[in-house]
Amino acid sequence: MMWLTLLMVLPLAGSVVIVSLPKANEKLTKQVALATTLIVMGVTIAMAVGFERDNVELQFVEKYAWIPSFGINYALGIDGLALVLILMSTILAPVVVLASWNEAHGGRWSVKTFYILILVLETMMIGVFAATDLFLFYVIFEAMLIPVYFLIGGYGTGERSAAAVKFLIYSLFGGLLMLASIIALYVMSGAQGGHTFDLAALSNLEMSSTTQNFLFLGFFIAFAIKAPLWPLHTWLPDAAESATPGTSVLLLGVLDKVGTFGMIRYCLSLFPEASKTFTPAILVLAVISIIYGAILAIGQRDLKRLIAFTSISHFGFITMGIFAMTSQSQSGATLYMFNHGFSTAALFLVGGWMISRRGSSTIADFGGLQRVTPVMAWMFFLAGMSSLALPGLSSFVSEFLVLVGTFTRYPIHAIIATFGIVLAALYILIPVQKALHGPTTPGNENLSDLNLREKIAIAPVIAIIVVLGFYPSPLLKVINPAASHVIAQFGFSDPEPNLNSGDK
Amino acid sequence: MMTSNSLVYLIALPLAGAVILLLSGRRSDKWGHLLATALSASSFFVGLYQLSLMLDRTNEERPITQKLFEWISVGTFKIDAGLLLDQLSICFVLLITGVGTLIHIYSISYMSHDPDRRRFFAFLNLFIASMLLLVLGDSYLNLYVGWEGVGLASYLLIGFWNQKPAYATASKKAFVMNRIGDMGLSFAIMIAFATMGTVSFTGVKAAAEQTSTAALTGIGIMLLVAATGKSAQFPLQAWLGDAMAGPTPVSALIHAATMVTAGVYLITRSNFIFDAAPTAQLLVVIVGAITLMFGALIGTAKDDIKKALAASTMSQIGYMILGAGLGPVGYAFAIMHLLTHGFFKAGMFLGAGSVMHGMNDEVNMRKYGALRKFMPITFITFGLGYLAILGVPPFAGFYSKDMIIETAFNAGGIKGIILGTVTLLGAGITAFYMTRVMILTFTGTSRWDEEAHPHESPWLMWLPMAILAVGSVTSGYLLSSGDALVNWLSPLFEDHGEHEELLSPIIVSTLALTMVAIGIAFAFIKYSLNEVDEVAPSDVSIFTKIARQDLMQDRFNEAVFMRPGQVLTEVLVKTDEVVIDGAVRGVGRAALGSGASLRGIQSGFVRSYAMLILIGAVALVAAIWVVVQ
Amino acid sequence: MSDLALQVGQTASPEATLFWILAPLTFLAALGMLLVKKAVHSAILMAFVMVALAIFYIAQGAPFLGIVQIVVYTGAVMMLFLFILMLVGVDSSDSLTETIRGLRPIAIMAALGFGGLMVSLLARATLGRTAVGVEAANADGNVQGIAQLLFSTFVWPFEVVSALLITAALGAMVLAHHHRIQERPTQRQLSIERFRGESLANAAGLPAPGVFARHNAVDVPALLPDGTASVASVNASLKARGDVLDPSQFELSSIDTRVEEEK
Amino acid sequence: MNAANYLYLSALLFTIGAVGVVVRRNAIVVFMCVELMLNAANLSFVTFSRINGDLNGQVIAFFTMVVAACEVVVGLAIIVTIYRSRRSASVDDASLLKR
């Protein structure tokens, strides 16, 4: 059964249905979009049930010739890592549709267009994680920018056009570097047994270390822009500030994961030697991202920008985990990707509701919301606690795994990164105090609490955050084989406990 | 080790209470507090049942475990959600659930007028559950969950009235300073995993013997950092005074009896590490000694009854930490002092709450006076707690504190003499500031505000106070008669043999009582024989001024961490905007700019285009001229 | 320089004489094209350059080209130029002041550079080469020789060029064809316009140009009874060209207006 | 007679034509300068034909003349059209490309 193609076709089919709907009937449009995303989620879960956890090979493989003369295939397949990310994307999609029920109304174009864009984006999100042909991956990687560009530029707030353009150009720049590397790989594959874009075949290419370094950088910079790594991060706060909360959830929650996913799937497997060469530098950048993102989050006055900077800090953790190359850090990083999707979703959605009610995203404009809108305030607080990785919530497991795993090989990095957890307390508690606590300030007295639709939208997110905090095993069992496979491919094994190490 | 499947109920019961109360919303306003109290009490009874089972077993079989489920398992990093109940944790379980239940009962009445009483009880239950997880976790990581859980509960409860900005700030401060301590715990776990490959108590204990001293010292110091955060020890002590922003029952339960003693639990639980890492152990002692003097000195200058008691708590925990730092001989005494302190300090806090209840929430002791006649029960229970903390025989503190002083003197060499002197001095100062509290509050003339109508609290409030007072009187004797607690705990600690005695117990007790008497005398002269001003006098010595400002701890933190931190943040925000994003925008602007300037060439005049063609032709010919020789 | 003098001395053949007389004149004429103000003068100088070139062609053994040059260029093309000049105003003179800042000096610099480079390139390239001469090629006659080539080797370009020529002719027709934007107004419409329009001032037709009895050229506006000039009396294209003369010089006030009675 | 002299003359005429295109504003004069450049090239072709001793150069010059004639016809038509709409034969006035 062609599970993955089915997954990719379903949202497209939904968008075709929406196209044929009358423009005036916005409610029907939304219902169709919601139904589509729910069906996709259901199919994904059904697929996940059939996933063989201990099989490290790619599963649900599909392969059809696409452009045979260039050796381009339509090739799909997933491992545990991709499965987890696809699961996250398809669960977040209905949440976003439901949560941003009224977001499309302030847009430049119709409500219909908004949902078509979201559904098309969902197709791309699934495809980008499932593609095993480098060309297919690149096409989807770049094509994803289009719906997001229109979602930011058409339905955002403030300087939405400028932010959308900045996002687009920044991403395109990285994409072009990657394209150059892909072409180089293709050309080299021609000299070594036939032109191909197949990932597995390309990972066996032989090349000189200089070539490998350059090609690695081409890929890595593209991914480092996507998963904003200091100092390539500045597009993210702008985009998040201007985008609607729903778009931000998809942008930070899913799209940016393509960056970290790509680091594992492409950078590590295609260029193992170069990855080793650059690991020290990347780890330093990751640690800087963690601390820098956190400090900048503390200094923000705008709620959306603050959340964006917390994500930069979190992506630092993920990147550090990936390149620390221990099974704990690698599994932790993958789990972190999943958890970050939900904790950021919760923050953005609740933050978005707060902002749309108050009509301002400046933190100082809020005050005393806990007395006025208790449910909303508690949801924000919970989301914040998840962001600062409170034990018992999902982010803690992943963050701690990353730290512990990194510490066994790179203690100094881990120690510096751990300071991030103190900063995390500050960047969450400062907005919590300003917005939720204190006396109710003028302008906030009459805000309404969450309605039923919003409660239904946020409930699964919070539930996942809490349940995975206490019981992450089901996910870890899917992730672990994939993660250890990556490390084994890479020629690393976990450092043995060293009873005599004199390290402090 | 035996396994059991009923340990989880200890935690599950109060946790269920918290969840039910938080999720049901206003529907449970009517009965929520009763449910919470009942669940806390039932957890206490489960604890008693476990104690009875444990008493029936031999020493070796007493610890029992329960594995709930596999929590995290990645590679060799395998953590089960497992519980461990041994002789040490059962003490804590009973203290937490026992005192906790009493404080639940007290709060029913104390909080009866608060519209958010349900939420308060939910948080209390959450705290009980987290604290139980802290003491029952069978690995450092499980402990960590409870460790941060109590931090969260403490944050929520300190900020319970967070509509007041100062209270909200106090809660944030507590959480952040606790997080610094938590970071220490993270480091300890990381080092433990990196060096020993395990983080469970049994695993670490087994591996500790082969582990290098350097690694153990690292773990020990990091555990100490964790303890200083949670237990408000030097240098992370500054949050405790502000934490008094929470409702008084919270101060009694969390910031006196239980949570703040978690550091002592951690150090005692990690005895196998500290025993093998003398440097870390020495640091523990130093931290304890500094804090006990620090707290005591602050206590002498505070006019706010709760802050005076908070300073006292800090100081008493300093005793415990010092005791725990003295090695195998001290652990049991530290725990004993922890338990007796749990009783008398909780009782005194509840008394303070009772006084505030009768005095329109006035906390300034200078506005009290002569309350003895109006609140006899409060006076008696508070007085018993007072005698206990002073260490007057036969009250509880006499047994526990004198043992620590004695152990300190016997630590050997110059270290023993210094520590002994410090603890003795601390005892004297304790006597001074506690007597001051007693005199200002209950004796002398009344200095009330006009609206104050002091009255005794209802029975729901004084009953817990009375029970705790009984504990303050008897617990010391019960725990030490026949070395009951020492023997009970001894299987857990390595015995390194008896130290030589520098001073005999009699001499120590005499010395301590003398110091106490001097302290009382000073306080009596200063506050009972002289008039007490209603407003704190400003023409006081520089030392008093510093002590009133908590020995400059906040100023220090602000000057050294907060201000530079704020400056750093602002600088970085500007840097990000100007330099990093500036570079990005600069690229864009350069493209635009070069386009704009090159656009000048496109003047629209055909002739200028022709001109360009001509220049191109010149260049071409010149190239030919150069190339073709 | 001495080489040049030597060459001058050595090429004292009739052709050389022709060259040294005509070449400087040609050069000066071309330069003059640049410098004179009126376009029509430029055209005359151009015609001279072309004729001179035709002579050079003939002198170099290309009589066919020489004749074609005179017939096609000097005859047809230059006439076309003059025709257009008439159309846009034969008198109109260019202002030689440069309006695009910095263009002229750059142009002169570039021209000097270009010329200098070309000349020095030629000087280097032609050293030691002697001309073969076309006498052998012209053995059967120049026209026959060219025809031979044209209809054999170059027959394809020749056809292409003929197609180009036809296309150009068509193109010129299309371009020159005045495409009406509106329907040409009928007599009736004009009439209605004249009498039902906003004013009746022009109902009797526009005033004719020319100051009565003093000047009747089309570029002089008529004077109205009050002595002012009537702008409406001059053709619009003359006005656009700026070829309207000031009528004041022909006003009667500037001359003796006394009426002498005659018996 | 050294045939190279014609080449020098041709180069000079070409240069003058080029300058004329740049500096003159009257479209007709500009066109004449273009013609001058073409003619200068023709002179070179004819000279090279003589130097090389075959008629190819002359044929090329002949083609050039045809193309030049085409160019003149179309160009002048354009000038007329522009003149009709803008009442000006100055190339500077047709500067709509700027915006």
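Once you charge only the Cβ atoms, +1 for Lys and Arg and -1 for Asp and Glu, what is the size of the charge dipole of chain B about its Cα centre, to the nearest 20 debye?
The dipole of chain B has a size of about 1740 debye.
With point charges of +1 on the Cβ of Lys and Arg and -1 on the Cβ of Asp and Glu, referenced to the Cα centre of chain A, which listed residue (A:Pro495, A:Phe323, A:Val350) lies farthest in the positive direction of the dipole?
The Cα lying farthest towards the positive end belongs to A:Val350.
Provide the net charge surrounding C:Ala110, with neighbours chosen by a C-beta distance below 14 Å and charges set as Lys +1, Arg +1, Asp -1, Glu -1.
Within the 14 Å Cβ shell, the charges total +2.
Just how large is the dipole of the protein assembly as shown about the Cα centre, in debye to the nearest 20, putting +1 at every Lys and Arg Cβ and -1 at every Asp and Glu Cβ?
The dipole of the protein assembly as shown has a size of about 2260 debye.
Which residue, chosen from B:Thr569, B:Gln553, B:Ile580, occupies the Cα position most advanced towards the positive end of the dipole of segment B:549-593, where the dipole is computed from +1 (Lys, Arg) and -1 (Asp, Glu) charges on Cβ about the Cα centre?
My answer, from the dipole projection, is B:Ile580.
Each label point is 7 Å from the Cα along the Cα-to-Cβ direction; what then is the distance between the points at A:Leu452 and B:Thr202, in nm?
5.2 nm
Where nothing but the Cβ of Lys and Arg (+1) and of Asp and Glu (-1) is charged, how large is the charge dipole of chain D around its Cα centre, in debye to the nearest 20?
Rounded to the nearest 20 debye, it is 500 debye.
Could you compute the net charge surrounding A:Leu251? Neighbours are other residues with a C-beta less than 12 Å from the C-beta of A:Leu251; K and R count +1, D and E count -1.
0
Based solely on its DSSP helices, what 222 nm [θ] is calculated for chain B when runs of n ≥ 4 H residues each add -39,500 (n - 2.57) and the sum is averaged over all residues, nearest 500 deg cm²/dmol?
Here the helix-only value at 222 nm equals -23000 deg cm²/dmol.
Report, as an integer, the average count of C-beta atoms from other chains found within 10 Å of each Cβ along D:39-50.
Going residue by residue through D:39-50 and averaging, the value is 6.
Run down the lysines and flag those whose C-alpha is under 21 Å from the C-alpha of A:Lys27, throwing out any fewer than 8 positions away in its chain.
A:Lys112, A:Lys455
Determine the relative contact order of chain B: mean sequence separation of Cα pairs under 8 Å and six or more apart, normalised by residue count, in whole percent.
11 percent
From Cα pairs below 8 angstrom and at least 6 apart in sequence, can you work out the relative contact order of segment A:95-196, rounded to a whole percent?
22 percent
Measure up A:Lys304/B:Lys302; B:Lys230/B:Lys415; A:Lys434/B:Lys307; B:Lys205/B:Lys306; A:Lys304/B:Lys67 against 32 Å on the Cα-Cα distance and list the ones that go over.
Violating the 32 Å limit, Cα to Cα: A:Lys304/B:Lys302; B:Lys205/B:Lys306; A:Lys304/B:Lys67.
Using alpha-carbon positions, what is the distance between the centroids of segment A:40-104 and segment A:264-307, in Å?
Value for the Cα centre distance between the two parts: 25 Å.
Based on the mean of other Cβ atoms within 10 Å per residue, sort peptides A:70-80, A:159-169 so the most packed one is first.
Taking the mean over residues of other Cβ atoms within 10 Å, the ranking is A:70-80, A:159-169.
What full-extension length gain, to one decimal in nm, is calculated for C:Glu159 and C:Gln187 as 0.36 nm per residue of separation minus the Cα-Cα distance?
5.2 nm
Name the residue from A:Leu121, C:Met46, C:Ile21 whose Cα lies farthest towards the positive end of the charge dipole of the protein assembly as shown, charges +1 on Cβ of Lys and Arg and -1 on Cβ of Asp and Glu.
Projecting each Cα onto the dipole axis, the largest value belongs to C:Met46.
In whole Hz, with x marking every Gly and Pro, tabulate ³J(HN,Hα) for segment A:231-237 from phi via Karplus 6.51 cos²θ - 1.76 cosθ + 1.60, θ = phi - 60°.
x, 9, 9, 5, 6, 5, x
State the Cα centre-to-centre distance between segment A:221-252 and segment B:165-214 in whole Å.
Computed from Cα coordinates, the inter-centre distance equals 33 Å.
So how do A:226-239, A:262-275, A:2-15 stack up, highest first, on mean other-Cβ count within 10 Å?
A:226-239, A:262-275, A:2-15
Determine, from the Cβ-Cβ distance of C:Glu15 and C:His177 and an R0 of 41 Å, the FRET efficiency 1/(1 + (r/R0)^6), rounded to the nearest 0.05.
0.30
Sum up the charges of everything whose Cβ sits under 14 Å from the Cβ of B:Ala226, counting Lys and Arg as +1 and Asp and Glu as -1, but leave B:Ala226 out.
+1
Give the average, rounded to an integer, of partner chain Cβ atoms located within 10 angstrom of each Cβ in C:28-41.
Whole-number average of other-chain Cβ neighbours for C:28-41 is 4.
In peptide A:137-143, how many Cβ atoms from other protein chains are near each Cβ within 10 Å, on average?
Counting Cβ atoms of other protein chains within 10 Å of each residue's Cβ and averaging gives 0.
Taking the alpha-carbon distance from C:Lys239 and a cut-off under 13 Å, which aspartates and glutamates remain once sequence neighbours fewer than 8 residues away in the same chain are dropped?
Counting by Cα, and skipping residues close in sequence, C:Lys239 has these aspartates and glutamates nearby: C:Asp219.
If you find the alpha carbon centre of segment B:31-92 and of segment B:340-372, how far apart are they in angstrom?
Cα centroid of segment B:31-92 versus Cα centroid of segment B:340-372: 34 Å apart.
Where does each of C:His41, C:His177 land when they are ranked from fewest to most other beta-carbon atoms within 10 angstrom?
Final ranking by Cβ density, sparse to dense: C:His177, C:His41.
What number, in percent, do you get for the relative contact order of chain A if the mean sequence gap of Cα pairs under 8 Å and at least 6 apart is divided by its residue count?
The normalised contact order for chain A reaches 15 percent.
Coordinate-derived values only; no laboratory data. Being a predicted model, the structure only gives us computed values, none of them experimental. So basically every Cβ, Gly included, is an ideal-geometry build from the backbone, and we count neighbours across all protein chains shown.
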